[in-house]
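J.: Could you have a look at this structure, given as structure tokens, before my questions?
The values are calculated or read from the model by the stated rules, or taken from the named source; none is laboratory data. As the structure is a computational prediction, the values presented were derived from the model and not from experiment. Cβ coordinates were reconstructed from backbone atoms using ideal geometry, including for glycine residues, and neighbour counts include every protein chain displayed. Quick note on the areas: whole protein, heavy atoms, side chains included, nothing else; ligands and nucleic acids left out. Shrake-Rupley method; radii C 1.70, N 1.55, O 1.52, S 1.80 Å.
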Amino acid sequence: RDAELAAATPGQLVVMLFDKCLLTVRRAEAAFAAGDVAARVDHVCRAADMVTELRASLDRSLAAEAGGAIAAQLDALYAFILGELWEANRRQE
């Protein structure tokens, strides 16, 4: 796995992290269904950490070639996802 990560392009790393985040959210859903509060909270926190990392990796410079409007849109999307994760966890949904 370490070799795969070391050889991955930045785009591949983003996809890998996003895929891992989706898996972690599914695990949180399974923990919720099983009534395992500790596991649910742990998985939601892990997913939120991953979304935070995706958000932090954005290039927010104004130059279009560096990210520009797409980075701003992704930032808003990641902020929304974080809010949804925390709200679902708070409401135990």
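J.: For segment 58-90, what are the residues that are hydroxyl-bearing (Ser, Thr, Tyr) and at pLDDT below 85?
T.: 61 - this is the single residue of segment 58-90 that is hydroxyl-bearing (Ser, Thr, Tyr) and at pLDDT below 85.
J.: Quick check on this structure: which one of 59, 75, 49 is under 24 Å from residue 16 (Cβ atoms), in a helix (DSSP H, G or I) and either of a type in the set (Lys, Arg) or open to solvent by 60 Å² or more (accessible area, probe 1.4 Å) (or both)?
T.: 49
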